[in-house]
1. Would you check which residues across segment A:149-186 are outside any helix (DSSP H, G or I) and touching a strand residue (DSSP E or B) at 6+ places or on another chain (Cβ under 7 Å) and list them?
2. Specify the residue that is farthest from residue A:124 (Cα to Cα); the eligible residues are those in segment B:276-285 that are crowded, with 21+ Cβ neighbours inside 10 Å and over 15 Å from the mean Cα position of the chain (by Cα).
3. Being under 18 Å from residue A:229 (Cα atoms), in contact with a strand residue (DSSP E or B) (Cβ under 7 Å, 6 or more places away or on another chain) and without any contact (Cβ under 8 Å) to a residue 60 or more places away in the chain is the filter here; which residues of segment A:266-295 pass it?
4. Just to be sure before I move on: is residue A:143 more than 14 Å from chain B (Cβ to nearest Cβ) and touching a residue at least 24 places away in the same chain (Cβ under 8 Å) in the structure I sent?
5. Can you name every residue in segment A:192-202 that is within 14 Å of chain B (Cβ to nearest Cβ) and either out of contact with any strand residue (DSSP E or B) (no Cβ under 9 Å at 6 or more places or on another chain) or more than 23 Å from residue A:32 (Cβ to Cβ) (or both)?
6. Can you go through B:109, B:95 and tell me which one is under 20 Å from the mean Cα position of the chain (by Cα) and part of a helix (DSSP H, G or I)?
7. Taking the stated definitions as given, is residue B:382 touching a helix residue (DSSP H, G or I) at 6+ places or on another chain (Cβ under 6 Å), buried (at least 21 other Cβ atoms within 10 Å of the Cβ) and under 30 Å from residue B:177 (Cβ atoms)?
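The values are calculated or read from the model by the stated rules, or taken from the named source; none is laboratory data. Keep in mind the model is a prediction, meaning the values are calculated, not measured. Don't worry about glycine lacking a Cβ; one is built from the backbone with ideal geometry, like all the others, and counts go over all protein chains shown.
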């Protein structure tokens, strides 16, 4: 009589997410994304309880190496690591001093020599996180590299959408604003598209990437047309310095043409969800009355999901090091 | 000086490849094909392999004799973009002697002082000191007035101007070409038309001045169409290309490989195909290496921060032979692109196997297989976008001015 098959979780765990690092959504299959979303659910419950602590990562060291200024993402990763019991260290590298030359590689080698168990990196240059990941012995989590990817943001957005809407597949999702310079947009296009959503990008032609349709999205330069019937409206932050670059004439004009107002939102589906990765420019890309509408806005919830999602990523990526059965 | 007889090879000369040999005496070619071997002659058995003119590499950024010798390059036309731009007589004089005896360096005079694109440099005096032409450097001259004066002034001196064709405003700080690859990677990109826009202006100025102009590299369908049309109209314009833009498209940048960060950047597959057609139909005149060795301090960086350029000297010939094997071009045409056309365009000795010509010769085993390896390159740095590619064709002997090296 053949032996009973071993439980899949125990024996084949590593097959559910066979990646050493999380550098981007590119390269992840739908089952891998869904696995991470499922893993995050348990942490939402923990985070809502009184004792927000789990010791399974106790003794491990997490370094948050942020080469670009960040408040919320850094805080989110720090809280996530601490709630799992890790020793969390933050390194703020002033972009001016650690920008050029061998210093980036040297910094990676230095960090590696301190024997961290996971490194979370944000850098202003596309591809920089991968460059560092190639030089270190521990898992690396990309917390945003240039315009390239911000995978945990896309995962937390997908988690938020799935919890609010019950699914991602089949939804019409409009990603609106400065898509050209946005790593959030790129990761979301990949993640939501992989999960079967109908993704649109909407923005002024100067802020849409060339041939973005080749990423499987429909592009709109008319905001109203792009919002028509959308189930989710995801607004992107407009960097103030884009005005100087001549991408848009003024904040006033941008708000008039591409700002999300209650009137505009009426074009989307009646129960459309409003999202924003933060920090918001109120009165520019989004009107306060929309951002603060508790029935429509999922913005605070995105932040909450962020912590849970990052806990899940930290847990999964360190399983092999911790000798978790099957990993 | 005694004679040297290379026997039993396949000689690339006069637009054909024919069995025979080459006789060299006093640094010059004294016989081609079949000839009586003098008693005092040293002989080399070519063993049925190719005997071809030494390569004249137009537009290198470094004097790298080891890489040039390995690549069969006997003369190198040096770009003025050195740590100190070649904008003064003394710098030209120094560059002229820098590679001897292995390789002869023919410097290009910086077109403008400090290569800043504003004030003309002393190109007349630099020409007397040995500059074989003048070049705008890595950048385009944005001011049309300056470019017009440069062309007319250099033209009157009998100098060819080499231009870098990328409209500065459109190119901006881009490191890639607009397209799916750059969009997915989140890299600042510019439309491919930045090249054609620059070419169109420069061609109009050639019409105005009648002065000869060479584009060191053209890499897009639109720009090559413009040059094809200009040649039809009899304008004194030529253009070149490196193997990179013939063999790689922008998808090669995947994983942010900084060895593929080039200037101009890699283009779309459609443009690559157009480059191959332009090579086959004669629109492209010169195949060059763009040799620009860059160490880790310039390349082990995020893609946007890395310096552009590739070490191309020692792979130029093998990649060119690959184009022959693919049927893109015929063997005699390859050595027209590598040797004859550069010699003719810049008035340099060598470049062809003919009686009376300078005896710069290479003996090539065109079938010898090897694999391009960044770590094994003899160049000053191993920044090749072709790392790992299996190729064929090796230099067996290199003869410079009748002397075996």
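1. A:149, A:150, A:171, A:172, A:173, A:174, A:175, A:176, A:177, A:179
2. B:283
3. A:272, A:274, A:290 - these are the residues of segment A:266-295 that are under 18 Å from residue A:229 (Cα atoms), in contact with a strand residue (DSSP E or B) (Cβ under 7 Å, 6 or more places away or on another chain) and without any contact (Cβ under 8 Å) to a residue 60 or more places away in the chain.
4. Here the answer is yes, as residue A:143 does meet what is asked.
5. Across segment A:192-202, the qualifying residues are A:194, A:201.
6. Step by step, each of B:109, B:95 is checked, and only B:95 is under 20 Å from the mean Cα position of the chain (by Cα) and part of a helix (DSSP H, G or I).
7. yes
One line per residue, one yes/no per condition, for (1) assigned to a helix (DSSP H, G or I); (2) within 10 Å of chain B (Cβ to nearest Cβ); (3) modelled with pLDDT under 95:
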site	(1), (2), (3)
A:80	yes, no, no
A:85	no, no, no
A:89	no, no, no
A:119	no, no, no
A:126	no, yes, no
